[in-house]
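First comes the structure, then the notes that go with it.
The values are calculated or read from the model by the stated rules, or taken from the named source; none is laboratory data. Keep in mind that this is a model prediction, so the values were computed, not measured. Cβ placement follows ideal geometry from the backbone for every residue including glycine, while neighbour counts extend to all protein chains displayed. When the accessible area is computed, the model is the full protein with side chains, heavy atoms only, and any ligands, DNA or RNA have been set aside. Shrake-Rupley method; radii C 1.70, N 1.55, O 1.52, S 1.80 Å.
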Amino acid sequence: MSEGSDAQPISLTVNGEPVTVLATPSETLLEVLRYRLGLTGSKQGCDKGDCGACTVLVDGRPVLGCLTLATLCDGAEVRTVEGLSTAAGLHRVQAAFVRHGAAQCGFCTPGMLMSAVRFLETREQARAPTREEVAAALSGNLCRCTGYAKILDAVIDAAAELGTRSVPGSNDAEGAR
Amino acid sequence: MMPLPRFALARPGSLEEAARLLSDAGAEGRVLAGGTDLLVNLKHGLAAPRLLVSIDRLPELRGVSVDDAGALVVGAAERLADIAAQVLVRARAPAIAGAAGLAAHPQARNMGTLGGNVCLDVRCRYVNRTPLWRGSLGGCLKAEGDVCHVVPGGKNCMAALSGDTVAPLVALDAKAHLVSASAERWVSIEALRGKDGRTPVALQPGELVRAVRIPAAPPNRRSAYLKWAVRHAVDFPLVAVALVVDAGADGAIESLRVVASVLGPKPRVVAGLDRFRGERITPQLASAVAEQVTRQCVPLPNVLYDPQHRRRRLGVMVRRQLDAWVG
């Protein structure tokens, strides 16, 4: 993480804000987010691609921050857990997690939320998702506390809430009251 | 925290430039595709290349198409998630779409590529560990040592082929298009995989995979890829098998291919299945094929779980799939 001579500036859009930040070739996106930009919401769990705690959206797709080289994200749009809530309140998926007690230690939660947000924004809106579909969408995020039941309940609940509206839930905090 | 070692990173915009960079770097250069295998191995200290050449901006490695002979051609940099969802792949090579969709987990499939999966390094319970863990055993043939903990006295590394797409690609007789600064060639996926885990992929220095070509399927082909792992997501296969059956209009078998993986470094093409030619798929045939597969395929203690259990699993998967195709 030390600023060696091989650090180069890269441009990212992080949660809607354009930023320019230094990164060395061997620095991961997760390290840049956490240690250069102070966005410590995305977690450094296993740091080798097994746990999904570092999941962020790069150009809309969930990827592992710990195995993505920051330099290769130059020009990309990055969304992290910090970008979900607004001044109006929590994102509806976050609110559903709170209602259902879907977070215990909380370490997996930021990655879970990003996978859930991607699922809710891209799923077929005409019908409610099945439990199996939600489980498949979250299958790259490990939780060692909850046993997953309340997490699945929360995402299904958030989907049902979205289903009553015709808009996808991108950065939409209205449902969080 | 598992920091990466220092390396230089190049992001060429053309295949020609990528090939030149790899040629100049020789053994010190590596292709970086999705990074889900290579970067973990670098974090584990299993390699220390001076230069990584990213293929993420090479248009020549993208796209899925059907050539004049009706073969499916898939660019090496196509992501596994896209391949799993791609209509052409699902229609013409369902076993490949299925295998791509079973690899790892959604995030890794959004990153990992077909070329990367075909070239995945072999895996072993004694290798994919931290240097401290490996060092406590004095290393092994593949890393920092000269003994094999899997096959005592063994001279070849027997780490396990773990890329999900390899067995179905071999069963479908697929070939890889390899390109370097000075030449290009086509190599069967079977020949691309080495029999010694220290050299798991038979790429020459400076070579990279441009695309994979799967020949056109005859009518009445059935194919499947079956994977056993403890979890339905995240895990590498603990044993896996691909089946391809071509039948005549009357249902009689014209060709039956079974390819197993996660045994050693190479895919195992089950031999002697010609004797089933002309027969129809029945429960009796399913059991006979499964028995032949089990006889020839002997898992080693190179990944987790009891090798005998994995061997029985293999037979059960083959029998159940053929049972599903009875009639």
Subject >> Condition check for A:Arg165: over 21 Å from A:Val58 (Cβ atoms), at pLDDT below 95 and of a type outside the set (Val, Ile, Thr) >> reply: yes
Original post:
Looking at the stretch B:52-98, which of its residues are in a loop (DSSP other than H, G, I, E, B) and open to solvent by less than 60 Å² (accessible area, probe 1.4 Å)?
Top reply: B:Ile55, B:Asp56, B:Leu58, B:Gly63, B:Asp67, B:Gly70, B:Ala71, B:Ala76, B:Ala77, B:Glu78, B:Gln86, B:Ala93
**OP:** Hey, can you tell me all the residues within the stretch A:98-119 that are under 22 Å from A:Arg61 (Cβ atoms) and either open to solvent by 60 Å² or more (accessible area, probe 1.4 Å) or within 14 Å of chain B (Cβ to nearest Cβ) (or both)?
**Re:** A:Cys108, A:Pro110, A:Gly111, A:Met112, A:Leu113, A:Met114, A:Ser115, A:Ala116, A:Val117, A:Arg118, A:Phe119
**OP:** Quick one: in the stretch B:282-327, of everything that is closer than 16 Å to B:Val258 by Cα and of a type in the set (Val, Ile, Thr), which residue is most open to solvent (accessible area, probe 1.4 Å)?
**Re:** B:Val298
Original post:
Looking only at residues in the stretch B:226-246 that are open to solvent by less than 20 Å² (accessible area, probe 1.4 Å) and assigned to a strand (DSSP E or B), which one is nearest to B:Lys142 (Cα to Cα)?
Top reply: B:Val239
Original post:
Which of the residues that make up the stretch B:193-205 are more than 29 Å from B:Glu254 (Cα to Cα) and part of a strand (DSSP E or B)?
Top reply: B:Val201
Original post:
Are there any pairs with C-beta distances below 7 angstrom linking a residue in the stretch A:27-53 that is among the aromatic types (Phe, Trp, Tyr) to a residue that is modelled with pLDDT under 95, with the two at least 6 apart or on different chains, and if so which?
Top reply: A:Tyr35/A:Met1
Original post:
From B:Glu254, B:Glu279, which residue is assigned to a loop (DSSP other than H, G, I, E, B), acidic (Asp, Glu), under 25 Å from B:Ala217 (Cβ atoms) and open to solvent by 20 Å² or more (accessible area, probe 1.4 Å)?
Top reply: B:Glu279
Subject >> Residues satisfying the stated conditions in the stretch A:40-97, i.e. within 8 Å of chain B (Cβ to nearest Cβ), within 10 Å of the chain's Cα centre (by Cα) and within 13 Å of A:Cys108 (Cβ to Cβ) >> reply: A:Gly52, A:Thr55
Original post:
If you go through the stretch B:206-216 one residue at a time, do you hit one that is on the phi > 0 side of the Ramachandran plot and part of a loop (DSSP other than H, G, I, E, B)?
Top reply: yes
Original post:
Is it true that B:Ala27 is more than 13 Å from chain A (Cβ to nearest Cβ) and buried (at least 18 other Cβ atoms within 10 Å of the Cβ)?
Top reply: no
Original post:
Just checking, which of B:Pro5, B:Pro106 is within 11 Å of chain A (Cβ to nearest Cβ), at pLDDT 95 or above, farther than 24 Å from B:Arg185 by Cβ and buried (at least 18 other Cβ atoms within 10 Å of the Cβ)?
Top reply: B:Pro106
**OP:** Look at A:Ala159 and say whether it is open to solvent by 20 Å² or more (accessible area, probe 1.4 Å) and more than 14 Å from chain B (Cβ to nearest Cβ).
**Re:** no
Original post:
Has the stretch A:22-32 got any residue that is surrounded by fewer than 23 Cβ atoms within 10 Å (Cβ to Cβ) and more than 9 Å from every other protein chain (Cβ to nearest Cβ)?
Top reply: yes
**OP:** State whether one or more residues within the stretch B:179-190 are in contact (Cβ under 8 Å) with a residue 40 or more places away in the chain, touching a Pro at 6+ places or on another chain (Cβ under 9 Å) and in a helix (DSSP H, G or I).
**Re:** yes
Original post:
Could we say that A:Glu132 is of a type in the set (D, E, K, R), surrounded by fewer than 24 Cβ atoms within 10 Å (Cβ to Cβ) and within 14 Å of another protein chain (Cβ to nearest Cβ) here?
Top reply: yes
**OP:** State which residue is farthest from B:Pro5 (Cα to Cα) when the search covers only the stretch B:51-65 and only residues that are charged (D, E, K, R) and within 11 Å of chain A (Cβ to nearest Cβ).
**Re:** B:Arg57
